[in-house]
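Report on one structure; see the data block that follows.
The values are calculated or read from the model by the stated rules, or taken from the named source; none is laboratory data. Fair warning: this is a prediction, and the values are worked out from it, not measured in the lab. Here the Cβ positions follow ideal geometry from the backbone for every residue, glycine too, while neighbour counts run over all protein chains shown. Heavy atoms of the whole protein, side chains included, go into the accessibility calculation; ligands, DNA and RNA do not. Shrake-Rupley method; radii C 1.70, N 1.55, O 1.52, S 1.80 Å.
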Amino acid sequence: MKIIDLRSDTVTKPSKEMLLCMMQAHVGDDVMGEDPTVNELEHYIADLCGKQAAVFVPTGTQANLVSLMAHCGRGDEYIVGQQAHTYKWEGGGGAVLGSIQPQPLDFESDGSLCLKKVKANIKPIDVHHARTKLLCLENTHAGKVLPLHYLRDVEIFCKENKLASHLDGARVFNAAVKLGVDVGEITQHFDTVSLCLSKGLGAPVGSLVCGSKDLIREARHWRKVLGGGMRQAGILAAAGLYALKNNVQRLAVDHDNARLLAQGLAEINEITVEIDNLQTNILFISIAQNSHDALHVYLKDLGIIIPAGNRVRLVTHLDVDADDIARVVMACKKFLVEHKQTQSITDKQNIQSLY
Ligand SMILES: *Cc1c(COP(=O)(O)O)cnc(C)c1O
């Protein structure tokens, strides 16, 4: 039985072709700058993003952290979304390891930060305040794509206010594919960009930071300090190169599959589908209170893995195809028919026991 795992796009396994590239990779010591495959990957992504340089790191968390530390020093501040991965889901690394204070703000419903609110939170230069240095955005955020005109405004805003800018672009290729533009159209508006190879692109490990030579030199320094200097990392970089050359345009398939899933689940009364928020490969649904635990277990027995809970996130990726989506929808429909029957039987028994 094929397992269908909808918890995240991080769960993908490397394909045979990808593994072959990894096996055949030329390698060297990357801390000494001598791994030809890592160097090729860094040049390749820097070109795609229209930046001078890039650095390969093990995880997206480290990519964001070395970026923060490249921009900010002790006692500096960065402005970030309240629900942003960098702020909420990375253990507070910027504060813990970088001595950088976050100033979180609520995201607007489209995943942007309101620039008026950002402006109001830039601290005056004064001994009392941390020094506001950096604005950090996320694209996609919860699957939502930031509009290009907003990104243009962000660039102008940061210049006017002397802020540096960082984009957490873990899924920036989903955004580019959705907009039908080269990824450089998005990344050009930011000083640094982090992106993940291990999500929808399907590599087993690896993230990248792109930016100017100076900023990447700093990021590379902090990568070593944080323990991210890997040696014959070309084996991993080869997977990343394969992913960038083969798996970008197909992200559109994941977006189509997410839509299929949304349409199928929307036919079920006990499930509320947040169709208005669906733009890429991430779908949020709510399952009726009295059914969600049982549904979670029922699906698991059928080899379908979704997160536990009432409101859950379902993510499509390259190990899930349209047939799998049909299987998930069928299973949910079947469950709710059966679940209703058992419910009405227990309800009847409960009523009978009253007499
Ligand atoms: C996954 C993700 C990251 C990085 O996560 P890692 O698990 O450390 O690779 C960063 N930002 C966003 C928005 C993400 O979704």
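Reported count of residues in the range 58-71, each being more than 10 Å from the ligand (Cβ to nearest atom) and open to solvent by 10 Å² or more (accessible area, probe 1.4 Å), is 3. For the range 49-120, the helices (runs of 4 or more DSSP H) that sit wholly inside it and include 1 or more residues that are in contact with a Phe, Trp or Tyr (Cβ under 8 Å, 6 or more places away or on another chain) and farther than 30 Å from VAL38 by Cα are 115-120.
Every test in (1) open to solvent by less than 30 Å² (accessible area, probe 1.4 Å); (2) in contact with a Gly (Cβ under 9 Å, 6 or more places away or on another chain); (3) under 30 Å from LEU261 (Cα atoms) is passed by ALA84 save one, and that test is (2).
Determine if the range 16-37 includes at least one residue that is among the polar types (S, T, N, Q) and out of contact with any Pro (no Cβ under 9 Å at 6 or more places or on another chain).
Checking the range 16-37: at least one residue is among the polar types (S, T, N, Q) and out of contact with any Pro (no Cβ under 9 Å at 6 or more places or on another chain).
Mind listing just one residue for me: the one in the range 80-119 that is farther than 18 Å from GLY169 by Cα and of a type in the set (Lys, Arg) and, of those, nearest to the ligand (Cβ to nearest atom)? This residue is LYS117. With respect to the stated conditions, VAL253 fails to be out of contact with any Leu (no Cβ under 7 Å at 6 or more places or on another chain), hydrophobic (A, V, I, L, M, F, W, C), buried (at least 16 other Cβ atoms within 10 Å of the Cβ) and part of a strand (DSSP E or B).
Of all residues in the range 256-272, exactly one satisfies the criterion of being open to solvent by 60 Å² or more (accessible area, probe 1.4 Å), not in a helix (DSSP H, G or I) and not polar (S, T, N, Q), namely GLU267. Just one of (1) within 16 Å of the ligand (Cβ to nearest atom); (2) open to solvent by less than 40 Å² (accessible area, probe 1.4 Å) fails for LEU241. It is (1). Look at LYS117 and say whether it is touching an Asp or Glu at 6+ places or on another chain (Cβ under 9 Å), in contact (Cβ under 8 Å) with a residue 24 or more places away in the chain and open to solvent by 20 Å² or more (accessible area, probe 1.4 Å). When the stated conditions are applied, LYS117 does not pass them.
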